[in-house]
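To start, the structure under review is shown below, and the notes come after it.
A short reminder: the numbers here are calculations on the coordinates, not readings from a lab. Quick caveat: nothing in here was measured; it's all calculated off a predicted structure. So basically every Cβ, Gly included, is an ideal-geometry build from the backbone, and we count neighbours across all protein chains shown.
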Amino acid sequence: MFTNNFFKALNIKNQKELLSFSKKTSIPVPKLKMYNEESIFPFNSDLNKILNELDITEFELKLKLGILDSDTIDLLAKYSSEITTLIKDSQYTRESTKKYNKSPIFKTDFGMLYQDDSLTLMENLPKNSFDLIFADPPFNLNKKYESKINDQLSKTEYLKWTETWVLRCIDLLKEGGSFFVWNLPVWNTYISSILNKYLNFRQWITVDIKYQLPIPNKLYPAHYSLLYYTKGKKPNTFNNQRLPIEICRHCGGDIKDYGGYKNKLNKNGLNLTDVWHDLSPVRHSKYKSRESNELPIKLLERVISMASNEGDLIFDPFGGSGTTFIVSEILKRKWIGSEIGPVDSIIKRFEDIDLHKKQILDIQKKKNVLFTEEMINIRTKNEHWLPES
Ligand SMILES: C[S@@+](CC[C@H](N)C(=O)[O-])C[C@H]1O[C@@H](n2cnc3c(N)ncnc32)[C@H](O)[C@@H]1O
């Protein structure tokens, strides 16, 4: 079964039809498969061969593939009223008609966890009510999740599903609220193009973490992307986060030259940039709550401290092991979340809340200062400069 838009547009439903189309157009099968798998528009002479075979115009093929260049958008806008009449408004609705009667599977002082498909839950949460939404969806890499979800959809299916949950999150966000999406760079390029239509772009944060082995003939992928958008021009909350300077791990000496401006450095630390180098994957069994993906507590501590205040309301549609929920709880933010699979690792995390409180305290001691206590000790011992000196 072929489910990507490209083969659908070419009316290719199975291998036999694919071979026959390849023969008629003399476009090799691997090339047709590439257009299909990558969902890209056919180029050079392939385009004419396809148009001739289908007997349609380039405009029609673009519409079939959902490719809307500015000229196409201008035309659609010009004929918007005729098009609306043609497809009838009733075929286009995002409102839920079903009544939702699920109760949370787990409640805490600050939060509520639903064991459900977040798409269903989101249809039933109040719109314009969340201060912060953080989403870390499956990456469609054929990973095995405890929930046994299909993590190997076709590109068209994955992007369609992605657009649905992204649009629902946008509806839930308050004006001035912030939306963060954690994903592989490739998927975040598509997610950005959805978000750019409805929200204000603030930052593409690069998080320096290696997640796979080097790939032949490609640069070594070494970062995740964290998109940061707000509803409206300004976020309601932006609490600046500052970091200590970097020093030599062994001798405590400077690594960077501050060009004679050392005495001008802010005592509360350096400005956080949009490239985050200080996070590492959760591997230590003391902190790791489950087999599959789990984000570092430090990442969520940073995002939640930066973009919300105590008492604010946070939503995470893809609970996983509950990193967003445990950090929200400890930082006294209200939260709502969902996880489609087992939720025992989330509940277990709340049983171990003291361990996480200690972890967060340690993280907080090491931010918003130019030097941490350990740094001051080693620098004093080895006679490196300190603000006081
Ligand atoms: C990448 S993990 C999230 C990890 C999480 N951020 C953490 O730190 O533990 C994605 C999670 O989303 C869940 N999931 C996938 N589709 C879902 C859906 N439609 N509704 C709710 N949860 C879903 C998966 O079962 C998986 O646990």
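Only four residue types carry charge here, +1 at the Cβ of Lys and Arg and -1 at the Cβ of Asp and Glu. Report the dipole size of the range 5-91 about the Cα centre in Debye, rounded to the nearest 20.
Value, rounded to 20: 500 debye.
For the chain, what does the helix formula give at 222 nm: sum of -39500 (n - 2.57) over DSSP H segments with n ≥ 4, over the residue count, nearest 500 deg cm²/dmol?
-11000 deg cm²/dmol, from helical runs alone.
Calculate the FRET efficiency for Lys148 and Glu60 from the Cβ-Cβ distance with a Förster distance of 30 Å, rounded to the nearest 0.05.
Plugging the Cβ-Cβ distance into 1/(1 + (r/R0)^6) gives 0.15.
With the contact rule set at Cα under 8 Å and sequence spacing of 6 or more, what percent relative contact order holds for the range 106-365?
Worked out over the range 106-365, it gives 25 percent.
Would you kindly state the longest site-free stretch of the chain, with sites defined as GluC sites (Glu not before Pro) in a DSSP loop (not H, G, I, E, B) surrounded by at most 10 other Cβ atoms within 10 Å?
Excluding the exposed sites themselves, the longest stretch runs over 96-309.
For the chain, build the charge dipole from Cβ charges (+1 Lys, Arg; -1 Asp, Glu) around the Cα centre, then report which of Pro185, Trp161, Ile255 sits farthest towards its positive end.
It is Ile255.
Tell me, how many Å apart are the Cα centres for the range 312-338 and for the range 213-247?
20 Å
Could you check the simple spin-label distance between Leu213 and Arg249, using points 7 Å along Cα→Cβ, in nm with one decimal?
2.4 nm
Can you check what the net charge comes to around Thr162, using other residues whose Cβ is under 12 Å from the Cβ of Thr162 (Lys, Arg +1; Asp, Glu -1)?
That sum, taken over residues with Cβ under 12 Å, equals +1.
Residues in the range 298-341 near a label at Trp161, defined as backbone nitrogen under 15 Å from the 7 Å Cα→Cβ point?
317-320, 339-341
Among the lysines, which fall within straight-line cross-link reach of Lys23, defined as a Cα-Cα distance under 16 Å, with same-chain neighbours fewer than 8 residues apart omitted?
Straight-distance partners of Lys23: Lys13, Lys31, Lys33, Lys49.
Out of residues 5 or more away from Trp335 or on other chains, whose amide H comes under 5 Å of its own, with H placed 1.01 Å from N in the peptide plane?
Correct list: Gly111, Met112, Ile314.
Using the charge dipole of the range 5-91 (Lys, Arg: +1 at Cβ; Asp, Glu: -1 at Cβ; taken about the Cα centre), state which of Asn48, Tyr79, Leu68 has its Cα farthest towards the positive end.
Looking along the dipole axis, the top candidate is Asn48.
Counting other beta carbons within 10 Å of each residue's own, what order do Thr72, Thr372, Thr230 fall into, fewest first?
Thr72, Thr372, Thr230
What does the charge count around Phe43 come to, taking other residues whose C-beta lies under 14 Å from its C-beta (Lys +1, Arg +1, Asp -1, Glu -1)?
0
For Ser338, what is the net charge nearby, where nearby means another residue's Cβ is under 11 Å from its Cβ and Lys, Arg count +1, Asp, Glu -1?
-3
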